[in-house]
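The values are calculated or read from the model by the stated rules, or taken from the named source; none is laboratory data. These numbers come from a predicted model, not from an experiment. For neighbour counting, all protein chains shown are included, and Cβ atoms are generated from backbone atoms with ideal geometry for every residue, glycine included. Accessible surface areas use protein heavy atoms only, side chains included; no ligands, DNA or RNA. Shrake-Rupley method; radii C 1.70, N 1.55, O 1.52, S 1.80 Å.
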Amino acid sequence: MGDPQAGSSNQPSRRRSPHEAGYRERVREAMLEIRGLNARYGASHVLFDVDLTVGEGETVALVGRNGAGKTTTLRSIVGMSGIARTGSIRVAGRETIGMPAYRIARLGVGLVPEGRRVFGSLTVEENLLVAAGTGRRAGSGADGSGNSEQSAWPLARVFDVFPLLARVRGSKGAGLSGGEQQVLAIARALVANPQVLLLDEPSEGLAPRVIETLVEQLLTVQDAGLTMLLAEQHAGLVKELASRVYVLARGTARGAGASGMPPI
């Protein structure tokens, strides 16, 4: 994948570095703030006092070896069952430790899980319609107060950003390729109208050309101002999307820095 700063004639004209001034200006107060997060599966202690912040409109990467705790971090943020959490996780200033997962989703936290997990027996459009009935919906404010709020990601916009899905909208999820399923998983999270989008290894198992297309589509999502936390090991994808990187090692996050991929 080419350097986003390169001037090659075959480089897509819309691609730009997340370090550019216009990108930095969008980063305001914290949309996601984690302090002293500990997570356990039964007697197994997985995360140790993790601190992590993602600014509004920012894309931050969480990198580390397999088993370092990246997936557990994302699952802890969404309140997935089976994980005992202590510490603080604030979304748009709201404390979510102790909240059930459905309330965290209603605050506007969307997850693109590792392994895609699309509904194989449903069509692409049915997968999206099911997801559109969850999360921060039209007619429901971010705090669940019932204040009217139109979805930022109606199906028409999703099909515009991901034209591949428009072409296969009547196909069953089980019949899609790995790349098509990954795009569907991202679109499914978007139609729930998130404030924060969590992506768990979105490049896993995808061919290089598919990853490049995925980067272009995620840049479009990024341009819409959505806050994203990306758990990923693909150096090129991290470099193109993230403004900062946290390295997770043995359940502890160490330092944030520029998105040049650090050694892990």
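Tabulated values for the structure
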{"item": "Peptide ranges 238-248, 96-106 listed from the most packed, as the mean C-beta count within 10 angstrom indicates", "result": "238-248, 96-106"}
{"item": "Efficiency of FRET from Cβ geometry, Glu29 and Asp160, R₀ 35 Å, rounded to 0.05", "result": "0.70"}
{"item": "Two-site FRET efficiency, Glu125 against Ala43, from Cβ-Cβ distance with R₀ of 25 Å, rounded to 0.05", "result": "0.05"}
{"item": "Å² of accessible area per residue within segment 159-264, as computed with a 1.4 Å probe and no ligands counted", "result": "36 Å²"}
{"item": "Segment 25-100: GluC sites (Glu not before Pro) in DSSP coil with no more than 11 other Cβ atoms inside 10 Å", "result": "Glu29"}
{"item": "Ranked packing of 38-45, 212-219, most packed first, by mean Cβ within 10 Å", "result": "212-219, 38-45"}
{"item": "5 angstrom amide H check on Leu111, placed H, neighbours 5+ away", "result": "Leu198"}
{"item": "Inter-site label distance for Ala101 and Thr220 at 7 Å from Cα along Cβ, in nm", "result": "2.9 nm"}
